Amino acid sequence: MARRITDQGLQDSLDATFNVGGTGTPGGAFDPVDAMGVSNFGTLLAGTTSIASAGSKLVKAFDAAPTRNNLTVTCVATFGTGEANFQITTVTLHNDGAAVNTGVYGGVDAQSLTKTSDFSLKITMNVTYANG
Amino acid sequence: MIAEASPREGLSLDELAELLAAAGNRVVRVDRDRNVVVVAHHVEEY
């Protein structure tokens with residue numbers, strides 16, 4: 001199982017932290033990670049930028065803005081009974097908004113979930129930055 | 001990552017757990033207090 005922040009995600013973090021290009025708003029958000037994707041995408045690589053090649057996929061906005069506790073950010077998305085009813089192997093975080101396959105920040109692959117209309121699926125992704 | 005399944009209306013938690021297992025999902029635990037079936041619970045380090 002690969003769990004990774006992609007190169008694109010790391011670059012976005014640097015851009016946001018250092019306001020690269022000066023297009024951010026001091027004290028405000030900068031191209032934030034705002035959506036979660038479920039798909040049958042294959043292995044997440046450092047160079048992955050999109051899940052468009054996946055046969056089954058759905059990218060949805062977070063249920064609410066992510067929260068942070070110290071160095072851990074928590075992102076939650078819920079897929080309703082009528083959504084994402086396919087085999088889910090990969091869960092991704094995106095910063096290009098809902099219903100867009102690009103902007104892959106990172107995620108987890110090699111999962112084995114089969115979603116059906118018998119249930120809704122709430123997925124919580126925690127991202128922790130390590131110190132040392 | 002934590003993935004939690006909530007049953008549709010008319011489906012019990014136990015029935016959902018059986019359906020999930022039959023579909024090849026790994027049932028991590030049935031949380032009756034929260035009325036969910038946990039189907040994935042990993043701690044990932046990036």
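No value in this document is a laboratory result; all are computed from the given coordinates. Keep in mind that this is a model prediction, so the values were computed, not measured. Cβ coordinates were reconstructed from backbone atoms using ideal geometry, including for glycine residues, and neighbour counts include every protein chain displayed.
Specify the inter-centroid distance of segment B:1-27 and segment A:36-100, based on alpha-carbon positions, in whole Å. About 20 Å separates the Cα centre of segment B:1-27 from the one of segment A:36-100. Per-residue mean of foreign Cβ neighbours for A:107-119 is 6 (Cβ atoms of other chains, 10 Å radius). Kirkwood-type hydrodynamic radius, chain A: 15.1 Å, calculated from all non-identical alpha-carbon pairs. For segment A:71-131, the Kirkwood estimate of the hydrodynamic radius, built from every pair of different alpha carbons, is 12.8 Å. Peptide packing: for A:89-102, B:6-19, the average count of neighbouring Cβ atoms within 10 Å per residue gives the ranking A:89-102, B:6-19, highest mean first.
Helix A:7-18: angle to the longest alpha-carbon principal axis of chain A, degrees 0 to 90, nearest 10? The angle comes out at about 40 degrees. A convex hull fitted to the Cα coordinates of segment B:1-45 yields 68 cubic angstrom per residue.
With respect to chain B, whose longest principal axis is taken over its alpha-carbon atoms, helix B:13-22 is tilted by about 60°.
Extension gain for the segment residue A:68 to residue A:98, taken as residue separation times 0.36 nm less the Cα-Cα distance, is 8.7 nm to one decimal.
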